[in-house]
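Asker: Here you go, one structure.
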Amino acid sequence: MRRLTEKLGDGRGLRYTPTQLWYAATRRDLPSVDRGYKAALGWACGIILVGGFLCVVSGVVPVLPGIGTGASLLIGIPLLLTFAKPWFRQRTTVRIPVTPREFRTGVFDRWAQIYGGPPSGMVTEDIPLPAVRQPRLALLCADRSVLACLAANNAAEVWEMALADRVDRLPPEVPVLVLHDAGLPGVGFGARARDALGSRAILIGLSAKSALAAGSAVRLRELPDPAAPPVPEWAAGSAAERDWLADGWWSPVGALPPAALLGVVARGVERVQEAADPDRQRAREIGFLTWPNS
């Protein structure tokens, strides 16, 4: 636990939430998407071996025919299950094996009993969000733990940024950074924000491309909804990324460690500053400090 909290602090005392610690502690225990296939294969082989042994020992089946039949089944059934592997994969979910409630009672409560308080650097997710009098921009995110982490690490004060979890709580007129999960629900959240905010919305949420490329990303899966709308063009990406989204995969923004989360927001703030700076716009049009090409 101390190693995890030190890693989340990034050597500079960054604050983190219980959700971020939960993901950090359980990300290595994610089940394989092939677990349904492996379980069926294991059960089939076990039943064949145990059943065949009992039949031979009890004399129900002669020894040689029993061995031959068992060997045929041990070859044939795994081969059949191999062809059925895609069917198992389509019907398998990938979820954190320990629920937040179980982690809280089994880890946080036990820690508080022994050490008299929460782990060092952890903040609760219901902390009040800072009120910025004259914000230059805002950030919209449906995940309360993300907003709590940003508030605890002074992101609102440093960037003069309002934090909100709903569109109707945003200040008027200012640019809005929209932060969301990678996955179809996250894409839907971004699409609704774009519809409501128009050109003010700047999407900085996780993408299927980043979730597939990052080795440390938490990749989860729910059974795909046949009635789900198609992936919008602006979020489609490559064929592999579209398939990843359509198959029910997603990656939560709440799993980002504080340093990575602040990095994502910092890049979004830089985009806002560049868009408002005429000198930077002119430099981008000219191609300042870019490699010449035809």
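The values are calculated or read from the model by the stated rules, or taken from the named source; none is laboratory data. Only a predicted model underlies this, so the values are computations on that prediction, with no experimental measurement involved. So basically every Cβ, Gly included, is an ideal-geometry build from the backbone, and we count neighbours across all protein chains shown. SASA here: full protein model, heavy atoms, side chains in, ligands and nucleic acids out. Shrake-Rupley method; radii C 1.70, N 1.55, O 1.52, S 1.80 Å.
Asker: Quick check on region 159-171: of everything there that is open to solvent by 30 Å² or more (accessible area, probe 1.4 Å) and either outside any helix (DSSP H, G or I) or in contact with a Pro (Cβ under 7 Å, 6 or more places away or on another chain) (or both), which residue is nearest to Gln273 (Cα to Cα)?
Answerer: Step one: of region 159-171, the residues open to solvent by 30 Å² or more (accessible area, probe 1.4 Å) are 159-160, 165-169.
Within this subset, residues satisfying the condition of being either outside any helix (DSSP H, G or I) or in contact with a Pro (Cβ under 7 Å, 6 or more places away or on another chain) (or both) are 160, 165-166.
Numbers: Glu160: 12, Asp165: 23, Arg166: 23 Å.
It comes out as Glu160.
Asker: Does any residue of region 235-258 turn out to be closer than 30 Å to Gly13 by Cβ and either open to solvent by 60 Å² or more (accessible area, probe 1.4 Å) or part of a strand (DSSP E or B) (or both)? Steps first, answer last, please.
Answerer: The initial filter retains those residues of region 235-258 that are closer than 30 Å to Gly13 by Cβ, namely 251-258.
Next, only the ones that are either open to solvent by 60 Å² or more (accessible area, probe 1.4 Å) or part of a strand (DSSP E or B) (or both) stay: 251.
For region 235-258, residues closer than 30 Å to Gly13 by Cβ and either open to solvent by 60 Å² or more (accessible area, probe 1.4 Å) or part of a strand (DSSP E or B) (or both): present.
Asker: Given (1) in contact with a strand residue (DSSP E or B) (Cβ under 7 Å, 6 or more places away or on another chain); (2) modelled with pLDDT of 95 or more, where does Val272 come up short, assuming only one miss?
Answerer: (2)
Asker: If you don't mind, another one. Specify the residue that is surrounded by the fewest Cβ atoms within 10 Å (Cβ to Cβ); the eligible residues are those in region 112-149 that are hydrophobic (A, V, I, L, M, F, W, C) and closer than 22 Å to Arg194 by Cα.
Answerer: Among residues in region 112-149 that are hydrophobic (A, V, I, L, M, F, W, C) and closer than 22 Å to Arg194 by Cα, the one surrounded by the fewest Cβ atoms within 10 Å (Cβ to Cβ) is Ala142.
Asker: If I go through region 177-225 residue by residue, how many of them are among the aliphatic types (A, V, I, L, M) and either part of a helix (DSSP H, G or I) or open to solvent by 70 Å² or more (accessible area, probe 1.4 Å) (or both)?
Answerer: 11
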